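Scroll down for the structure; my scribbles are underneath it.
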Amino acid sequence: MLRLTRKLMFAIEAVVDIAYNSGEHPVQSKDIAERQGIPRRYLEQVLQQLVRADILRGVRGPRGGYRLARERRRIPLGEIVRIVAGMDTDEEDEDTGSDLGRVVLLPLWQDLQEEALVKLDAVSVEDLCKTARRAGIDSTAKKSADFNI
């Protein structure tokens, strides 16, 4: 089920933070945690899942951290939502316990979720970075680095 959980917020904030603040060097998780107020123990789990899903790329070493694995315009918000939703496999939500729930309400809810995901797929990480810039949110990036090959 599609829910705006803390984990989902952390994932979106982390990806946008990396896109918005990346420059010459990778963005370190401690900096993301500090800027976004995300507990590091949760952040590392989410970041590793995003690396495995090819949203982020981990860079090792003393100046290591995280970079986008793709251009920010090629990372839709819906993809991040699906990845995080896949981390939480809670079957309890779909156990409605009645025919009315299974036949009437669950299909409606699934249609609404699909519509929401279509809308989220139309929003890229680049769109969110532009919104942050227009809102006057400071960036630590010296230049607009997008991703490295």
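The values are calculated or read from the model by the stated rules, or taken from the named source; none is laboratory data. These figures come from a predicted structure and were not determined experimentally. Cβ coordinates were reconstructed from backbone atoms using ideal geometry, including for glycine residues, and neighbour counts include every protein chain displayed.
Things worth noting here:
- Single residue of the range 18-37 satisfying the filter (among the small types (Gly, Ala, Ser) and assigned to a helix (DSSP H, G or I)) that is surrounded by the fewest Cβ atoms within 10 Å (Cβ to Cβ): 33
- Failed condition for residue 7, given (1) touching a Lys or Arg at 6+ places or on another chain (Cβ under 6 Å); (2) surrounded by fewer than 22 Cβ atoms within 10 Å (Cβ to Cβ); (3) not in a loop (DSSP other than H, G, I, E, B): (1)
- Residue pairs meeting the criteria (Cβ under 6 Å; at least 6 apart or on separate chains; first at negative phi, in the range 8-31; second of a type in the set (S, T, N, Q)): 13/36; 17/36; 20/139; 21/139; 21/140; 27/21
- Tally, over the range 123-149, of residues that are among the polar types (S, T, N, Q) and at pLDDT 90 or above: 2
- Among the residues listed as 67, 72, 40, the single one being charged (D, E, K, R), exposed (fewer than 14 other Cβ atoms within 10 Å of the Cβ), at pLDDT 90 or above and more than 20 Å from residue 2 (Cβ to Cβ): 40
- The condition (being modelled with pLDDT of 90 or more and surrounded by 12 or more Cβ atoms within 10 Å (Cβ to Cβ)) is satisfied by just one residue among 120, 108: 120.
- Options 46, 15; residue that is within 18 Å of residue 128 (Cα to Cα), outside any loop (DSSP other than H, G, I, E, B) and under 11 Å from the mean Cα position of the chain (by Cα): 15
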